[in-house]
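Structure first, commentary second.
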Amino acid sequence: MIDKKRIENAVKEILFAIGEDPNREGLVETPARVADMYAEIFAGLHTNPKGCTKIFHEHENSGLVVVKDIAFQSVCEHHLIPFIGKACIAYKPNGGRILGLSKAARILDILSARPQVQERLTAQVAQTIMEIVEPKGVYVYIEAEHLCMTMRGVKKPGAKTATTCIKGEISESDIATVRGGNYS
């Protein structure tokens with residue numbers, strides 16, 4: 001699990017290394033706060049997304065199930081700085097198996113609560129949906145702003161990165177439907 005004491009000691013070392021005094025009034029509780037924050041934002045490391053899902057059995061549906069504009073945040077594993085965005089998860093049910101709607105968001109939450117790269121996160125969400133629901137196909141679209149590009153390096157606030165993953169039977173018209181919002 002998360003070793004909060006070790007994180008606290010590491011944060012103190014970082015504060016010393018940047019020329020700060022971790023014993024200064026405003027910083028005394030910072031190492032403990034950072035340790036608590038890391039335990040929260042990296043909780044997905046110790047959670048299996050398959051354990052949070054429930055499959056329902058309904059009449060066969062040949063259309064798409066789409067959950068859009070799912071807000072999420074993660075931490076870029078290259079700089080340990082957040083990236084924040086929205087995801088769209090769509091799948092074609094197979095054999096009447098459907099996923100509880102909130103569970104698509106929960107899968108994203110668990111997988112994003114780890115040191116990540118957006119490309120891997122997108123693929124992991126799609127693969128998890130495929131394994132749990134066994135749909136005919138799945139489409140995941142993620143768009144996010146990476147604070148490593150906003151706060152450092154090229155310093156381009158507002159720039160967004162989009163990633164997609166398609167597995168199984170998802171057609172171009174399915175993607176157009178999802179992206180265009182026409183669900184009829």
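The values are calculated or read from the model by the stated rules, or taken from the named source; none is laboratory data. On a predicted model such as this, the values are computed, not experimentally measured, just so you know. No Cβ is skipped: glycine too gets one built from the backbone with ideal geometry, and neighbour counts run over all protein chains shown. With ligands, DNA and RNA removed, areas are computed over all heavy atoms of the protein, side chains included. Shrake-Rupley method; radii C 1.70, N 1.55, O 1.52, S 1.80 Å.
When a 1.4 Å probe is rolled over the protein heavy atoms, the share of accessible surface on the range 111-184 that falls to carbon and sulfur comes to 50 percent. With no solvent and one equal point scatterer placed on each C-alpha of the range 92-137, evaluate the Debye formula and give log10 I(q)/I(0) for q = 0.19, 0.27, 0.28 Å⁻¹, two decimals. The Cα Debye sum returns log10 ratios of -0.59, -0.99, -1.03. Here Lys92 is the anchor, and the lysines within straight C-alpha reach of less than 25 Å, apart from those fewer than 8 places off in the same chain, are Lys50, Lys54, Lys68, Lys103, Lys136, Lys167.
Quotient of the Cα radius of gyration of the chain and 2.2 N^0.38 Å, N being its number of residues: 1.23. The fraction of Cα-Cα pairs per 10 angstrom bin, counted from 0 for the range 88-184, comes to 15, 43, 30, 11, 2 percent, rounded to whole percents. Which FRET efficiency, nearest 0.05, do Val28 and Val117 yield, Cβ-Cβ r, R0 35 Å? E(calc), rounded to 0.05, equals 0.55. Just the protein heavy atoms count here, and of the accessible area of the range 13-107 at 1.4 Å, carbon and sulfur take up 54 percent. In loop segments of the range 64-158 as defined by DSSP, the GluC sites (Glu not before Pro) with at most 12 further C-beta atoms inside 10 Å of their C-beta are Glu77.
Per residue, how much accessible area does the range 1-152 show when a 1.4 Å probe rolls over the protein heavy atoms, in square angstrom?
53
Setting aside same-chain residues fewer than 8 positions from Lys4, which aspartates and glutamates have a Cα under 12 Å from its Cα? Of all the aspartates and glutamates, those that pass the test against Lys4 - Cα under 12 Å, at least 8 places apart if same chain - are Asp36, Glu40. Asn9 to His59: FRET efficiency via 1/(1 + (r/R0)^6), r the Cβ-Cβ distance, R0 45 Å, to the nearest 0.05? Once the sixth-power term is evaluated, E becomes 0.20. The angle between the Cα long axis of helix 4-17 and the longest principal axis of the Cα atoms of the chain comes to about 60 degrees, rounded to the nearest 10.
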